[in-house]
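Okay, structure first, notes after.
The values are calculated or read from the model by the stated rules, or taken from the named source; none is laboratory data. Because the structure is a prediction, the values reported are computed rather than measured. All Cβ positions, even for glycine, are placed from backbone atoms using ideal geometry, and neighbour counts span all protein chains on display. Note: areas computed on protein heavy atoms with side chains; ligands, DNA, RNA excluded. Shrake-Rupley method; radii C 1.70, N 1.55, O 1.52, S 1.80 Å.
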Amino acid sequence: MKNMKAGLFALAGLLGSVVTGGAQEPVKIGMITTLSGPAGYLGQDVRDGFELAVKMNDGKLGNVPVEILVEDDGLKPGNGRQIADRFLNNEDVKLFTGIIFSNVAGATVPDIVDEGAIFVSPNAGPSEFAGAGCHPNYFVLSWLTDTMQGSAGKNASDLGYKRAFVLAPNYQAGKDAITGFKRYFDGEIVGEIYTRLDQTDFAAEMAQIREVAPDVVFQFQPGGLGIAFLRQYQQSGLLGSIPMVVSEPSMDHAILKAVGDAAEGLNVSGAWNTDLDNPTNAAFVAQFEETYGRTPTMYAAQGYDTALAFASALGKVEGDISDLDAFRSALRETDFETTRGAFEFGANQHPVQDWYAMRVEKNDAGELVLKTRKKLMSAHGDPFAQDCSF
């Protein structure tokens, strides 16, 4: 508890250490995110994590007053574009965040950055914006989808699996997911399926997995899709015969709570967990649980980290975002401590960070938890940074 309190005080110092020079008008931050439907909790946690950092500093980031404008894109690219247009032209928003899904990002981010505004992604990390399509106004605080799912491929190889069956939704992030898994998996892909993004019945896919009988299944089904897939995997009898390896979007703490025993023994990989031992994370987890009465997911942590990034940059420019070049330079410096620990931006303004292997296990109280087992990769960037030039 002492460490958590120390972390809270240290974080408060980070968020509020810079004097704003008398700036009074709140800086507007436009948050376009998914708040409804089966994946609605992803955006809710990004929002809640971001707003937690603001609440902890009395409505400020970097000692600069901020106003958070939150809108639900409903997981529809057209909605995302309409919201962005309204924020840009009616609200004069220059700073954006919030997008969860890559298909929404693909339709929305170009309009934002081409208008001279800055977008900082708390989740979506499509490969199309990481290499030759990178942009100086586009930052990613979470991960590249390719690399997140690649960590599962590395984990599967380390666990000794040789024959993998892979599944993901048929959209940009799903395609990146399977590409990333295959990039880091040393074995053979014996089955590859792309499902509908709104699919909740996986009976046909279960039959194909049973017929192929792979060593391991890798699936990327985020949010409510992941809950449905895991429940059906258990009901089909596959859970006890064919192991599964996933990345954290397919087994976050909300999914774990929803599926219960169906998740026990599942091997998971990601860049963040509740048990990562650093002061910022300890403070965040404790305060999130106290404020919202639930365990934070990776999405909440990413929302919180994104707020810390804004806090650092806003503090350096004393809330003056009229010079976006200066704000952009301040944001690139990444001299803040994330819930993941060490963090910096690569040449394409995507994360260079550590990756971990985890497993769903029971703790001493008999509760299922996601336990970090080992570090998979250290200070790891992505394969597209070399193709980015501003």
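The residue that is farthest from the chain's Cα centre (by Cα), among those in the range 220-267 that are surrounded by fewer than 24 Cβ atoms within 10 Å (Cβ to Cβ) and at positive phi, is Gly237.
Residues are listed down the side, and each one gets a yes or a no for (1) touching a Leu at 6+ places or on another chain (Cβ under 6 Å); (2) over 23 Å from Glu337 (Cα atoms); (3) in contact (Cβ under 8 Å) with a residue 24 or more places away in the chain:
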site: Leu75; (1), (2), (3): no, yes, yes
site: Gly78; (1), (2), (3): no, yes, yes
site: Arg86; (1), (2), (3): no, yes, no
site: Val104; (1), (2), (3): no, yes, yes
site: Asp114; (1), (2), (3): no, yes, no
site: Thr145; (1), (2), (3): no, no, yes
site: Gly150; (1), (2), (3): no, yes, yes
site: Asp158; (1), (2), (3): no, yes, yes
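Taking the conditions (1) open to solvent by 10 Å² or more (accessible area, probe 1.4 Å); (2) aliphatic (A, V, I, L, M); (3) in contact with an Asp or Glu (Cβ under 7 Å, 6 or more places away or on another chain) in turn, Val104 satisfies each one other than (1). Kindly establish whether Tyr299 is open to solvent by 20 Å² or more (accessible area, probe 1.4 Å) and either among the hydroxyl-bearing types (Ser, Thr, Tyr) or in the same structural domain as Pro249 (by TED's automatic domain parsing) (or both). No: the conditions fail for Tyr299. Here the range 351-388 is the region considered, the condition is being of a type in the set (D, E, K, R) and open to solvent by 70 Å² or more (accessible area, probe 1.4 Å), and the residue that is nearest to Ala124 (Cα to Cα) is Asp387.
Has the range 330-349 got any residue that is open to solvent by less than 10 Å² (accessible area, probe 1.4 Å), of a type in the set (A, V, I, L, M) and without any contact (Cβ under 8 Å) to a residue 24 or more places away in the chain? Checked against the condition, which is being open to solvent by less than 10 Å² (accessible area, probe 1.4 Å), of a type in the set (A, V, I, L, M) and without any contact (Cβ under 8 Å) to a residue 24 or more places away in the chain, the range 330-349 yields at least one hit.
Considering only the range 99-106, I want to know if a residue exists there that is under 19 Å from the mean Cα position of the chain (by Cα), closer than 19 Å to Asp387 by Cα and at pLDDT 95 or above. Yes, the conditions are met somewhere in the range 99-106. Candidates Gly366, Gly346: the one that is modelled with pLDDT of 95 or more, outside the structural domain of Leu256 (by TED's automatic domain parsing) and small (Gly, Ala, Ser) is Gly346. When every residue of the range 36-56 is checked against the conditions, at least one turns out to be over 17 Å from Ile118 (Cα atoms), over 21 Å from the mean Cα position of the chain (by Cα) and outside any helix (DSSP H, G or I).
Output the residue which, of all residues in the range 132-187 that are of a type in the set (S, T, N, Q) and closer than 20 Å to Arg359 by Cβ, is most open to solvent (accessible area, probe 1.4 Å). The extreme case among them is Ser157.
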